[in-house]
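Every number in this text was worked out from the coordinates using simple rules, so none of it is lab data. Bear in mind the structure is a predicted one, so any value in this text is a computation, not a measurement. Here the Cβ positions follow ideal geometry from the backbone for every residue, glycine too, while neighbour counts run over all protein chains shown.
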Amino acid sequence: MIRALMLSTALVATPVLAQDHDGHQGHAPTKPAKVLEPVATQTDPHAGHIMPSPTPTEVRDRHAGHTIADGDIGESASTGPDMETPPPPEAGNGPPRAADAIWGANAMAASRAELQQMHGDYPLFWFQADRAEMQVRDGADGYLWDVQGYYGGTTSRFWFKSEGEGSFGARVDDAEFQALYAKAIAPFFDVQAGIRQDIAGPDTTYAVLGIQGLAPYMFELDAALFLSHRGELTARIEAELDQRITQSLIIQPRAEINLAAQDVPQLGIGAGIDSMELGVRLRYEITREFAPYIGVEQSWRIGDGADFARTAGEDPSVTNFVVGVRFWF
């Protein structure tokens with residue numbers, strides 16, 4: 001009975017809207033639709049078929065080709081432009097300092113200097129105790145300090161450094177202080193020149209020429225030549241590498257080599273490679289500025305340097321277990 005009623009309804013003469021260019025019926029055309037004569041012989045091809053309801057997921061709008069979510073049927077979201085508009089051909093072809101033609105070169109030079117200072121070209125003070133530690137070893141335990149800092153701008157600075165070590169209950173074995181002028185010669189590298197004064201042992205003053213910075217693969221490098229007031233030439237090379245295990249736990253291998261161009265008996269220094277140090281330290285950063293650490297370090301006196309150490313009653317090979325703190329501000 002229902003099928004017959006549907007078939008008879010399809011045969012009733014009704015006005016039919018013109019189809020659009022995509023063949024979809026029911027969409028409003030851009031021009032007024034023509035009213036066609038009733039056609040009694042044609043039937044709706046879908047008449048008598050029960051069409052399934054849309055699924056509750058997504059419905060495809062066949063006319064626009066866009067996916068429409070549930071609840072938004074009939075509205076399609078724009079996907080935006082396919083690509084950004086390229087810059088015009090004349091972009092970047094103007095003079096590098098076009099403002100000079102308007103305000104004058106002198107006025108703009110002062111403005112650029114002020115802008116450069118606002119973005120980093122102003123003096124800063126920085127201080128770091130890279131190693132401040134107690135050393136546990138066979139015999140008398142000892143201590144060591146290794147501090148440095150600077151005051152100045154981004155390309156030229158005044159550097160100061162101090163290193164020293166000794167044994168508890170005895171006089172300081174080695175102590176020095178350096179005052180240096182540093183000039184940037186490459187990204188992350190400074191050349192340094194100045195003086196070094198030893199304040200333990202024989203009174204010795206040195207002229208210093210060195211280089212310090214961050215080498216490829218994140219090695220901190222500090223190398224310097226020292227020419228004493230007596231004409232003795234020595235050198236020192238230090239390198240260390242910070243490897244993060246976690247955000248707060250860092251392991252740091254470190255190496256140091258001391259060399260001399262000649263024997264210096266009054267200082268107990270031998271020609272060639274006088275001494276070497278290899279160590280590793282594990283530190284925990286409570287904050288970025290404060291980190292206690294533990295580690296182990298092996299030092300050797302080599303060649304004539306070992307002979308000088310034995311003559312002074314010292315062991316040319318020493319293993320130190322260290323506990324210390326690294327901090328900066």
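Stretch D307-A105 to full length: gain in nm at 0.36 nm per residue minus the Cα-Cα span?
That pair, D307 and A105, stretches by 66.0 nm at full extension.
Find the centroid of the Cα atoms in the range 123-168 and in the range 236-300, then give the distance between the two in whole Å.
Result: 12 Å between the Cα centres.
By the scheme Lys and Arg +1, Asp and Glu -1, what is the net charge of all other residues having a beta-carbon under 12 Å from that of F321?
-2
Could you give the dipole magnitude of the range 114-267 about its Cα centre, charging the beta-carbon of Lys and Arg +1 and that of Asp and Glu -1, in debye to the nearest 20?
The calculated dipole for the range 114-267 is roughly 300 debye.
Please state, as a whole number in µm²/s, the translational diffusion coefficient that the Stokes-Einstein equation yields for the range 92-184 at 4 °C and 1.567 mPa s, with Rh defined as the Kirkwood radius across alpha carbon pairs.
74
Picking from F188, F160, A140, whose Cα lies most toward the positive end of the charge dipole for the range 131-249 (charges on Cβ: Lys, Arg +1; Asp, Glu -1)?
With unit charges placed on the Cβ atoms, the residue in question is F188.
What list of ³J(HN,Hα) couplings, whole Hz, do you get for the range 286-292 from phi and the Karplus terms 6.51, -1.76, 1.60, once you set θ to phi - 60° and write x for glycine and proline?
With coefficients 6.51, -1.76 and 1.60, one gets 4, 10, 4, 8, 9, 8, x Hz.
Run the numbers on the range 213-268 and let me know its relative contact order in percent, using alpha-carbon pairs under 8 Å that are six or more apart.
Relative contact order for the range 213-268 comes out at 28 percent.
With +1 on each Lys and Arg Cβ and -1 on each Asp and Glu Cβ, and nothing else charged, work out how big the dipole of the range 199-324 is about its Cα centre, in Debye to the nearest 20.
Roughly 280 debye for the range 199-324.
Can you pull the three principal axis extents for the Cα set of the range 207-256, in Å, largest first?
49, 16, 13
If eta is 1.567 mPa s and T is 4 °C, what Stokes-Einstein diffusion coefficient results for the range 127-224, Kirkwood Rh from Cα pairs, in µm²/s?
It diffuses with D of about 87 µm²/s by this estimate.
Mind putting a number on the dipole of the range 130-172 about its Cα centre? Charges go on the C-beta only, +1 for Lys and Arg and -1 for Asp and Glu, and I need it in Debye to the nearest 20.
Charge dipole, the range 130-172, about its Cα centre: 240 debye, nearest 20.
Please report the net charge: other residues with Cβ closer than 11 Å to the Cβ of F308, K and R +1, D and E -1.
With Lys, Arg at +1 and Asp, Glu at -1, the net is -3.
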